[in-house]
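A short reminder: the numbers here are calculations on the coordinates, not readings from a lab. This one's a predicted model, so the numbers in the text were calculated from it and none came from an experiment. Please note: Cβ atoms are built from the backbone with ideal geometry, for glycine as well, and neighbour counts cover all protein chains shown.
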Amino acid sequence: MPEEPCQCPDCQRFYREHDRLIRENPSLRQQQELNWAALQSFRTLAGRVLEELQKQHGDGEGAALPGPGTPQPAADPANRGGLADNDAEGDAIQQAMGDLENINAHLFSIEALMERIFDVRVPEEVEQTFREVAGELAPDPLNADRLRLNRLLHQTPDLPDHRG
């Protein structure tokens, strides 16, 4: 017996996006290009954010420690909480920078693996099968038949739920 899909807002948003990507990119070639573009955009954005953080906060190696001759903040007992907050914020940023470096390394590895996907070419007959299966997996939610079916299955303001 199949498990019911999760109905939480995050999962519902994922299902809608999943189906949209299948509907709008129903061929092997389109899926290859879509995934490559998504990977590249993720790498570009994560890499640029990491560069900006490194410019603002140093490269993460000893950036939080002042060098010799750097003026030290005055020991003000009233400001102890502020210094602790700055240290915690600096630690969080350094941790985020380390995480972004790891993400970029993983994305680079995925890119190397994905390059193999582009070696695959299929005949037009197989591409047509991709399009047919895509229509079954993710039918157009605005299709008239789908809208009628949704009204029958779900309570809507114009058609009350008569099941209960």
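Rounded to whole numbers, the Karplus 3J(HN,Hα) couplings from phi for the stretch 48-56 are 5, 5, 4, 4, 4, 5, 5, 5, 7 Hz, using 6.51 cos²θ - 1.76 cosθ + 1.60 with θ = phi - 60°, and x at Gly and Pro. Each peptide in 10-18, 100-108 was scored by the mean count of other Cβ atoms within 10 Å over its residues; highest first, the order is 100-108, 10-18.
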